[in-house]
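Contents: one structure, followed by commentary.
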Amino acid sequence: MSAVSAPTPPLLEARHVSKEYPVGAGLTLRRRREVVHAVTDVSITVGAGEVFGLVGESGCGKSTLSRLMVALERPSSGEVRIDGINLSEIGGRRLRALRRDFQLMFQDPDASLDPRMRVGASVAEPLAAQRIGTRRERAATVARLLDEVGLSRDVAERFPHELSGGQRQRVGLARALSLQPRLIVADEPVSALDVSVQAQVINLLRETQVQHGLTYVVISHDLAVIHYLADRIGVMYLGVLVEVGPADRIYAAPAHPYTAGLVETIPRPAPAGQRGRRQAAIRGELPSPVNPPSGCRFRTRCPSAQDRCAVEVPQLREFGAGHTAACHFPLYPAAAGAAPSGSLSGV
Ligand code: SF4
């Protein structure tokens, strides 16, 4: 196993995954069809029982990647594998059966809850769709799941609009747990919630992960949330993976200037002794994914950019302990002597 791979047997693998979307329906004046490069050549391995955090600004491609991971979309190139099974090579009944193993939790729980259905019916719906249990058994499962996510059982009789945002997100988690999945991909699970409620839902996610031995991929623009939840962190910028490593290391000693900018945006005092290599918060706007910058995609906003950055795409390089970053002039001191890994394009 590569030093940058997940520490446990892989459950989820994204191999050189790219996703492009055509822009508009017609042709440009130059008769060349433009595409949005939403995700470009991303490779990630997530081990069974691991919590992997994906972080980046809005528009960095992390939500697209999450949909690819649970087969809601298919990659333009590359492959996503669950337990070694290429999701692009299966369909129909086999994919539906495999879908029991992975669930997507949405940023807005309303996206997964039918406003016309009572909560109990919504939580039981995946079980009914898979024809699991009798009506009575499903009702018992719903009651148990509501207990587990800290809701009273009478919530089963209410409609989503009668609940608070935090309660709806708890219902969303109960629904995601109903099929006893092995993998939950949680896309911005707390960003729509009040700050006072966020910590409760984050703690609930951690408790359920430990209790069920679940594998999580948690996606957020907030590095503080990701650091709290994740064992390892992957940082995305404009569709590409720019840094991967153990959560504490990424948080305390980022090698990539973009990650350092994300760390700086967290409202807390910098640890003693690390001020010198911290950057100012990220400046400027995210470039268009239709026409990303040449070389390093971060170069138009990077305070460390040099001429080389415009002509040469940086490859992920290894810094030890499973820490990799794609930067020609990394911040992490050990990077100065780190040898490029050449073909390494992910983890
Ligand atoms: S490769 Fe250059 S532009 Fe890109 S992050 Fe590193 S220093 Fe900045």
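The values are calculated or read from the model by the stated rules, or taken from the named source; none is laboratory data. Just so it is clear, the structure is predicted and the values come from calculations on it, not from any experiment. Here the Cβ positions follow ideal geometry from the backbone for every residue, glycine too, while neighbour counts run over all protein chains shown.
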Checklist entry - Looking at residue 283, is it within 11 Å of the ligand (Cβ to nearest atom), in a loop (DSSP other than H, G, I, E, B) and among the basic types (Lys, Arg)? => result no
Checklist entry - Would a scan of the range 151-158 turn up a residue that is surrounded by 16 or more Cβ atoms within 10 Å (Cβ to Cβ), among the small types (Gly, Ala, Ser), under 12 Å from residue 178 (Cβ atoms) and in contact (Cβ under 8 Å) with a residue 24 or more places away in the chain? => result no
Next on the checklist: What are the pairs with Cβ atoms under 8 angstrom where one residue, in the range 186-212, is more than 13 Å from residue 222 (Cβ to Cβ) and the other, located anywhere, is modelled with pLDDT under 85 and outside any loop (DSSP other than H, G, I, E, B)? Sequence gap at least six, or different chains.
Outcome noted: none
Item to check | strands (runs of 3 or more DSSP E) enclosed by the range 162-257 - at least 2 residues per element that are in contact with a Phe, Trp or Tyr (Cβ under 8 Å, 6 or more places away or on another chain) and within 16 Å of the ligand (Cβ to nearest atom) | outcome: 232-237, 240-246
Checklist outcome for this item: Taking the range 35-72 and the residues there that are assigned to a strand (DSSP E or B) and in contact with a helix residue (DSSP H, G or I) (Cβ under 7 Å, 6 or more places away or on another chain), the one that is surrounded by the fewest Cβ atoms within 10 Å (Cβ to Cβ) would be 38
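Matching residues to (1) modelled with pLDDT under 95; (2) under 19 Å from the mean Cα position of the chain (by Cα):
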site: 240; (1), (2): no, yes
site: 262; (1), (2): yes, yes
site: 268; (1), (2): yes, no
site: 276; (1), (2): yes, no
site: 279; (1), (2): yes, no
site: 289; (1), (2): yes, yes
site: 302; (1), (2): no, no
site: 306; (1), (2): no, no
site: 310; (1), (2): no, no
Item to check | Hey, residue 295 on the phi > 0 side of the Ramachandran plot, modelled with pLDDT under 95 and either assigned to a loop (DSSP other than H, G, I, E, B) or more than 11 Å from the ligand (Cβ to nearest atom) (or both) or not | outcome: no
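Could you tell me which of the residues 183, 146, 177 is surrounded by 15 or more Cβ atoms within 10 Å (Cβ to Cβ), farther than 26 Å from residue 11 by Cα and of a type in the set (A, V, I, L, M)?
On the way: 183 fails: farther than 26 Å from residue 11 by Cα; 177 fails: farther than 26 Å from residue 11 by Cα.
From the options 183, 146, 177, the qualifying one is 146.
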